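The values are calculated or read from the model by the stated rules, or taken from the named source; none is laboratory data. Computed from a predicted model, the values in this text were never measured in an experiment. Don't worry about glycine lacking a Cβ; one is built from the backbone with ideal geometry, like all the others, and counts go over all protein chains shown. Side chains are part of the model used for accessible areas, which takes the heavy atoms of the whole protein and leaves out ligands, DNA and RNA. Shrake-Rupley method; radii C 1.70, N 1.55, O 1.52, S 1.80 Å.
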Amino acid sequence: MFALGDSSYPSFCGLGKLLDAQLNNLGASGMLQIGLRDELGDRDASFEEWSQFAFQQAALKCNLCISNEHTR
């Protein structure tokens, strides 16, 4: 789960936190902790960093090789 919010508000990333908690209550198990980022920062870079890590974790969980090397 990636949540984007404005840190100047008291309920920073509130919807993302609520959805993450509800999914956990229903028995979901996340591959990584919720990503909380401030929309006032570099949103694109924050999401790119988080999504690359999330992809790596998903690949590991599925036993996929994600190296950039190609074999013949």
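Summary table
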quantity: Candidate set: region 42-66, residues that are touching a residue at least 12 places away in the same chain (Cβ under 8 Å) and more than 15 Å from Met1 (Cβ to Cβ); chosen: the one surrounded by the fewest Cβ atoms within 10 Å (Cβ to Cβ); calculated: Lys61
quantity: Region 42-65: number of residues that are within 23 Å of Gly14 (Cβ to Cβ), charged (D, E, K, R) and assigned to a helix (DSSP H, G or I); calculated: 3
quantity: Subset of region 1-23 that is touching a residue at least 24 places away in the same chain (Cβ under 8 Å) and open to solvent by 70 Å² or more (accessible area, probe 1.4 Å) - its residue that is nearest to Leu36 (Cα to Cα); calculated: Leu4
quantity: Residue count, region 24-41 (criterion: in a loop (DSSP other than H, G, I, E, B) and either small (Gly, Ala, Ser) or crowded, with 16+ Cβ neighbours inside 10 Å (or both)); calculated: 6
quantity: Selection count, region 21-41, where residues are in contact with a helix residue (DSSP H, G or I) (Cβ under 8 Å, 6 or more places away or on another chain), closer than 20 Å to Pro10 by Cα and hydrophobic (A, V, I, L, M, F, W, C); calculated: 2
quantity: Residue check for Leu40: at pLDDT 90 or above and among the aliphatic types (A, V, I, L, M); calculated: no
